[in-house]
Amino acid sequence: MRLRKLAASVGLIAGLLTAVPTAWSSEKPGLPAFTSMGELTAFLDAHAPQDIGQEVCPPEHPECNDLTQVDEVVVTAMGAPAAAPSITNNQEAGVDEGDIVKSRGDTLIILRRGRLFTVDTAQGRLRLVDRIEAYPPGVDASDDWYDEMLVSGDRVIVIGYSYERGGTEINRFKLDAAGRLIFEDSHHLASDDYYSSRNYASRLVGDQLVVYSPVDPSTGDPMQDLPRLTRWTPDAPGQEDKDDDFEDMPGRPIVTINDVYRAPGLGENSHDLVFHTVVRCPLSAVELTCRATAILGPESRSFYVAPTAVYVWMTRNRWGLANGPEQASWLYRVPLDGGRPQAAATVGAPIDQFSFLEQPESNRINVLVVADEGGDSMGGPERTEGGVALLQLPFARFGTGEEAVDFADYRILPGLQDGRAQNRFVGDFLLYSSSTSSDLYWRERTAPRNESRVLIVPLTPGPTLAWGVPGRVGRIEIMGPDALVVSGDADTFFTTFDLQTPRPVISDQFVLPGSAETESRSHAFFYRPDATSADGSTGVLGLPVTQARPGAGDTDDEDERLETITYIRRNGLGRM
């Protein structure tokens, strides 16, 4: 099913004709699992490449790609100066994300360049308490990257990827009351490189570690390629010689053939298939044990973790689509309780993890989808353009993945012009950005300022608004009940949107002259609401930026620029 059919059944922005959704039920039909190695191997052998593209705008509605198709456009000025919460800028409440800085009480835990540091912040001071290598003692980690960390009770968990051994590492450390660290154990999971320019590989839901890993299957014995939990020991084979692989080390299978699924609509003419594995490990256990679910699907993917499930969106790329009307994309739901995965046929693809919002109270999941995207892999979210739609998918649509797409679930929205879009669900709205200058990224800092558009879409039927902001949008964040858009070219602009009024409006704009963001990932930003602010509308935000040294003038020379963290307070009147 190609995206040209997206609006054929419903008309352009005709409102949602969504069927009445039903509450989530684990008794609904799910995906079929492979029943034998022979069946899985035969399926992998049978696939061959095809070549076809996909589009989002149907021929009868070519105007949906037009950037001017909004209900209302508001042009702004270029801007003039005017509890024990998590310290991580997490997407979902109750779902912690792997980061490089965490806290437990007055102790900060910092992951930096392959080492863990603990710092005591009691009484307003900063005192180094302990440091330790973030990997097993004595291991040569020169080809390993340790870039995510979680804290669960008295354990610190470091997630890394070893290019030498070809897999994900889970390293556990004990953290005592004084902030001292002791290495506990290390485990290896065979996987391909999970790194993404925007998403994170690990989540913590309650006591459960959730890790996503793609695995490229072989047609010889694909089950051997799926993750096996291998515990590191000092005298294990391969440890004396770093050139040896972990393949010779004993490991426990965490995936059986009955844990491997595919949607029947995948067809027989696909290629570039991978196993998308969702690994779940209870961290409170003395001996780490894990189980995994594997879904065989196209290589291009985006994933999102909600409090009860992992959602994986898989899309055939333009070289992997079959000729004819075969299904091109699916959204899979993998329950965190180990239940059977379910799937729904879809069209388009999300930009990144922020394109998703599960709404259990409305019995649906919302997803911003676009015509042309690159998936979660490194640099993929930056290759996004074309037509746009808001998918509001009722839970009732999930099942075996065989049912046809219901186009009443899609609302056509204004399209994107260039490939560096940002998006975020904030309250009852979806916000996404589109640059009005395709070559903005390559402009000199002294060039005239350029604009982006921020589009505000209500999740209930209503008009879509578009506001102009200066420069390229680098992030869209949540500030209590409102939204913050950070954009920039030669300066950095902080623009807040009041979403509590009947018609969302810009409430304030703060300008930091001669500055630029230093990190694009979501965890670089943090907003701490005041303890006295019931709705979180007042507080302090922090963002790392770079600015020219005093007297250096406007320069891009790194030696003449300073990296710093800017703190901005938002008061009760919504002013920064």
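A short reminder: the numbers here are calculations on the coordinates, not readings from a lab. None of these values were measured; they are calculated from a predicted model. As a convention, Cβ positions derive from the backbone with ideal geometry for all residues, glycine included, and neighbour counts pool all protein chains shown.
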Long-range amide H partners of Val505 with built H, under 5 Å:
Asp498
How large, in Å, is the range 112-174 by the Kirkwood hydrodynamic radius built from its alpha-carbon pairs?
12.7 Å
Would you tally the net charge around Met149, using a Cβ to Cβ cut-off of less than 9 Å, leaving Met149 out, and scoring K and R as +1, D and E as -1?
-2
Could you line up Phe497, Phe117 from fewest to most neighbouring Cβ atoms inside 10 Å?
Phe117, Phe497
